[in-house]
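Below is one structure, written out as structure tokens; the observations come after it.
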Amino acid sequence: MKDLNSDVFDPTAGMDSDYSRASCSSPSDADFGFAFNDSNFSDRLLRIEIMGEPEEARPDSVGCTSILDWARRKRRREDCKKDNVVDLNGCPEEQVLNGSHPDMDDGIPCDNLDGEPAQMIEELHSGDEAANGDESSWGMDCSTVIKVKTLHISSPILAAKSPFFYKLFSNGMRESEQRNVTLRINASEEAALMELLNFMYSNTLSCSTALSLLDVLMAADKFEVASCMRYCSRLLRNLPMTPESALLYLELPSSVLMAEAVQPLTDAAKQYLAVRYKDITKYQDEVMALPLAGVEAILCSDDLQVASEDAVYDFILKWARAQYSRLDERREVLGARLARYIRFPFMTCRKLKKVLTCNDFDHEVACKLVLEALFFKAEAPHRQRIIAADESASSNRRFFIERAYKYRPVKVVEFDCPRQQCVVYLDLKREECTNLFPSGRVYSQAFHLGGQGFFLSAHCNMDQQSSFHCFGLFLGMQEKGSVSFAVDYEFAARSKPTEEFVSKYKGNYTFTGGKAVGYRNLFAIPWTSFMAEDSLYFINGVLHLRAELTIRP
């Protein structure tokens, strides 16, 4: 079924429903502000019954000093209404419709002979007075009616802007032909509704603060005015973003979040959080305190500055344990929400083994994730690129996209016989090498041989005579006690035109914890020659390196 959350003044709106077929084609910026609450251009009366709220839910935007106050107010209001409110997003067929045409002698003006806009009438009520039984009404069975406002409205204008009002005025029932319609709202929603009604005529708002715009956005969602939702979303995006406001935009009610009109706002909020907390180790305390929506926004980024995907897994596990003390809740959040942001194919095999034995994950979920990761790792490189590029290959393509890790992933082939040996492959993109100049370095993920951790590091440094910059490659052992290893090693790189691996350096070294060995000028050429467009060592923009390590007996 076509989504009706659009208005006919929107040129992008669909035109395949009764609602759209009954509409006319008008520019999206049509201004009917002159007709707002003017009996000369109106065919109906809108009676707005403003209901009292419990004391704890009563503060409005004026009393809020921050967006956090606004959010707390909204949550209190929702808690108050949860068990006692008719769904405001329900169909018009659920409205309370009673009686016949109201008596025009009851003090409600029906005409303005002078042609000037009619004044809005406010009626103050005391006691538990219910809605006028003679009028068509729509709303909620809440508390006391404390005030009534009456407006002259044009049903074509409201129907053109809102599927809700279109259905209200054209549902085929006898009441849809009556001149009076009653809406019931909470007192805290009054200002937002008046702004919304004015917008439906004039396509502009008088409010400009984040708090008031959020109130109007909520009202626009309730009454299905997509053009106003887009307008509020655009104004909010133009305001300075803060962590507090970004989180609030991501935690709006699901009906609002699912609206296409609000998508640019939520995308901007996610981008803001992803950039601000790009280095999660630098802001670890702040990130650990974020709610689920904030953590998801950060983790979906390709630019996350982390040592490796193992570190992402460890962080998510730590956050989930801190936020959800109950195991069943933690498993649900990890399996259904957070696992999609862990790029398991880029985790080390040692860490993947730990995933299988981690009690925080449902065992079946863990097995599926690890098997999928291992199958991806076993694919040929060209197949991996195809899978990563094919959006239809997975419900979450990012699962197969590599981040810009601080420690670059490696592929390792291990042998136990006749001697303990491993072959390590490290690929570096041209832009990664460019960023090394003039004195940078990049490290590989750790790999293991004989129970000891090793790593590769690529450097831009000066040659031994300090006459020019050059590319160097080094092999280091992670610090772990005073153990020592005697290792034979060989560095090689693919080279044009054969594109085969060519040995560049051989050596042997007895490692102790924290030590590294290598060659300062691996290719025996200056940095400028190494990085040149016709360089022999970049194949399709990638430098392919290989290191072979063998433990000497």
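The values are calculated or read from the model by the stated rules, or taken from the named source; none is laboratory data. Quantities reported herein were computed from a predicted structural model and do not represent experimental measurements. Cβ placement follows ideal geometry from the backbone for every residue including glycine, while neighbour counts extend to all protein chains displayed. Accessible surface areas use protein heavy atoms only, side chains included; no ligands, DNA or RNA. Shrake-Rupley method; radii C 1.70, N 1.55, O 1.52, S 1.80 Å.
Spatial offset of the stretch 431-466 relative to the stretch 183-248 amounts to 53 Å, using the alpha carbon center of each.
What whole-number value in Å² describes the accessible area per residue of the stretch 278-406 for a 1.4 Å probe? I get 52 Å² per residue for this part. Would you mind telling me the share, in percent, of accessible area of the stretch 278-406 contributed by carbon and sulfur at probe 1.4 angstrom? Carbon and sulfur atoms account for 51 percent of the accessible area of the stretch 278-406. Rounded if a/c is under 1.5, else prolate if a/b is larger than b/c, else oblate: which is the stretch 205-318, with a ≥ b ≥ c the root eigenvalues of its Cα gyration tensor? Cα axes put the stretch 205-318 in the prolate bin.
When only Cα pairs below 8 angstrom with a gap of at least 6 residues are kept, the stretch 278-406 shows a relative contact order of 32 percent. Put the Cα centre of the stretch 322-352 next to the Cα centre of the stretch 482-553 and the gap is 36 Å. Between residue 314 and residue 386, the simple label model (points 7 Å from Cα in the Cβ direction) yields a spacing of 3.6 nm.
With all projection directions averaged, the alpha carbon convex hull of the stretch 411-551 covers 8.6 nm². With no solvent and one equal point scatterer per Cα, compute the Debye intensity ratio I(q)/I(0) for the stretch 329-465 at 0.13, 0.18 Å⁻¹ and report its log10, rounded to two decimals. Rounded to two decimals, the profile gives -0.71, -1.16. Over all other residues within a Cβ to Cβ distance under 12 Å of residue 347, the charged ones net out to +2, with Lys and Arg as +1 and Asp and Glu as -1.
The mean accessible area for residues of the stretch 478-553, using a 1.4 Å probe and ignoring ligands and nucleic acids, is 54 Å² per residue.
Principal axis extents of the Cα atoms in the stretch 278-406, from largest to smallest and rounded to whole angstrom, are 41, 31, 27. Farthest toward the positive end of the dipole of the stretch 411-551, out of 451, 484, 532, is the Cα of 484, where the dipole comes from beta carbon charges about the Cα centre. Extending 7 Å from the Cα toward the beta-carbon at both residue 170 and residue 292 defines two label points whose distance is 4.0 nm.
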